[in-house]
Amino acid sequence: MSHPQKASDFIADHERTEWHDETLWLVRQKRDKAAHSVPDWELLREQASQIKGHTLSRLDDYLKEFEQNAVSNGIHVHWAADADEHNRIVLQILRDRGVRQLVKSKSMLTEECHLNPFLISEGIEVIDTDLGERIVQLADEAPSHIVMPAIHMRKEEVGDLFHNHLGSEAGASDPAYLTNVARQHLRKSFLTADAALTGVNFAVAETGGFVVCTNEGNADLGVHLAPTHIASMGIEKIIPRAEDLGVFLRLLARSATGQDLTVYTSHFHGPREGAEIHLVLVDNGRSDRLGQDEFRDSLKCIRCGACMNTCPVYRRSGGHSYGWTVPGPLGSVLAPHVDMESFSSLPFASTLCGSCTDVCPVKIDLHGQLYAWRQKIIAKHVASDHLLAMRFLGFVLARPLMYRVAGWIGRWMIRYGRPVVQRGLLKSWGASRDLPDAPAQSFRSWYLKNRKTS
Ligand code: SF4
């Protein structure tokens, strides 16, 4: 299904659409306030963009430097060319250690690789420990936002879900109560799990260490209790030096949620005594993007989610309407790399207002990339309905008489056939819009009367 088809399910619930829009706009406003509190914000953005640009220009060197330093720190480094290889590596690590239960903190890369269903099909119990992730896992849904995975759900829905799965009080929907229920439930898993998996926010080539940012401390609880820590990392997460971290950490939390810093910013430089760390470096199409000038900058992304919070289309259509792991403007840029035909509607799910580009902390030209995808898709005739409409428009515009007749019909329809147009021909468009009043005369007839003779 295309984005408009999936979005129609979401917007059928007007109330949900309203508060989804309002809630995300609130997050966007918090981001603005946090950004304005830093006098050199624009300088930080520029610096972050340049550091990432430089890193990408020497990605192979920095990855090798990172591997060398990580290995000398006692970290086992694995390389995965694609999602399948990543999943197989993780499974092998778990099997070799007889692991039956894995606690996971939030990792969009493992969502991209569909790790959970793979491990479950191999008999491993996987428990997502980020609260939002656990909610969508219990609901058997995909995350609808990369930072707030369950943002599409009402607290009453979460209350029902917890009542059915975790035995909380029927009808309870107080967020503090529900959070406490989740905490008690997850604590048992933390104590019994044999391994913990985390994502990676930043990996430092110079030190061979990496950083994981969370607000709930779930990553730390998992990796400090289990003897085996597996970290899954996209190869673009590398930065050259430890001192670069300050630039990105100042930008990340402010852009994501309007916080000065994530509550837990944990640095891992090697395993503690008696434990081990395995880090899986994943390509999965990233090298291809690195080789494409117009899309390379998308690899600068630090996954803050700000482009989603500000996007008028995402806010009003919900994350699931994108049908891919990452929604919003970023997802619409990334998904066609995976399958241009299946995701051909996503680059069109944008007003091209440029708000995503304006808020992006690493200055990715998101709306420019969406526009570039549109051109590619049109050129390949994937979006044949758009092409057909444009061809028809071109045909009419090239014939003045036909254009005049079409204008006359259009004005007549607005004046006398408004219900037919709004509730019939353009039903889905007209459901939440009003047609403008038809002008008394066309510009052409006004011009002929007022200007031509003078
Ligand atoms: S593209 Fe930019 S704004 Fe969007 S998630 Fe990535 S870093 Fe954040």
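The values are calculated or read from the model by the stated rules, or taken from the named source; none is laboratory data. Predicted model only: the values in this text are computed from it and were never measured. Note: ideal-geometry Cβ built from the backbone for every residue, glycine included; neighbour counts use all protein chains shown.
Quick notes on this structure:
- The lone exception for VAL223 - which of (1) of a type outside the set (Ser, Thr, Tyr); (2) out of contact with any Phe, Trp or Tyr (no Cβ under 6 Å at 6 or more places or on another chain); (3) touching a residue at least 60 places away in the same chain (Cβ under 8 Å); (4) more than 28 Å from ARG28 (Cα to Cα) it fails: (3)
- ASP365 being acidic (Asp, Glu) and under 23 Å from LEU251 (Cβ atoms): yes
- Here the stretch 269-283 is the region considered, the condition is being among the β-branched types (Val, Ile, Thr) and under 25 Å from ALA253 (Cα atoms), and the residue that is nearest to the ligand (Cβ to nearest atom) is VAL282.
- Residues satisfying the criterion are absent from the stretch 371-383 (criterion: within 16 Å of the ligand (Cβ to nearest atom), assigned to a loop (DSSP other than H, G, I, E, B) and in contact (Cβ under 8 Å) with a residue 60 or more places away in the chain).
- Among the residues making up the stretch 320-369, a single one is near the ligand (Cβ under 9 Å from one of its atoms), assigned to a loop (DSSP other than H, G, I, E, B) and closer than 22 Å to THR110 by Cβ: VAL326.
- In the stretch 29-53, the residues that are in contact with a helix residue (DSSP H, G or I) (Cβ under 7 Å, 6 or more places away or on another chain) and either farther than 15 Å from VAL247 by Cβ or among the polar types (S, T, N, Q) (or both): LYS30, ARG31, ALA34, GLN47, SER49
- Test: residue in the stretch 371-394 that is within 17 Å of ALA306 (Cα to Cα) and crowded, with 19+ Cβ neighbours inside 10 Å: no
- Matching option when the condition is modelled with pLDDT of 95 or more, in a loop (DSSP other than H, G, I, E, B) and under 30 Å from GLY53 (Cα atoms), among THR207, THR265: THR207
- Verdict on ASP297 being assigned to a helix (DSSP H, G or I) and more than 15 Å from the chain's Cα centre (by Cα): yes
- Residue in the stretch 211-222 that is surrounded by fewer than 19 Cβ atoms within 10 Å (Cβ to Cβ), among the polar types (S, T, N, Q), over 16 Å from LEU109 (Cβ atoms) and out of contact with any Pro (no Cβ under 9 Å at 6 or more places or on another chain) present: yes
- Test: residue in the stretch 129-146 that is touching a strand residue (DSSP E or B) at 6+ places or on another chain (Cβ under 6 Å) and either touching a residue at least 40 places away in the same chain (Cβ under 8 Å) or of a type in the set (A, V, I, L, M) (or both): yes
- Count of the stretch 284-314 residues which are more than 10 Å from the ligand (Cβ to nearest atom), out of contact with any Asp or Glu (no Cβ under 7 Å at 6 or more places or on another chain) and not aromatic (Phe, Trp, Tyr): 12
- Taking (1) farther than 30 Å from LYS64 by Cα; (2) touching a residue at least 24 places away in the same chain (Cβ under 8 Å) in turn, SER342 satisfies each apart from (2).
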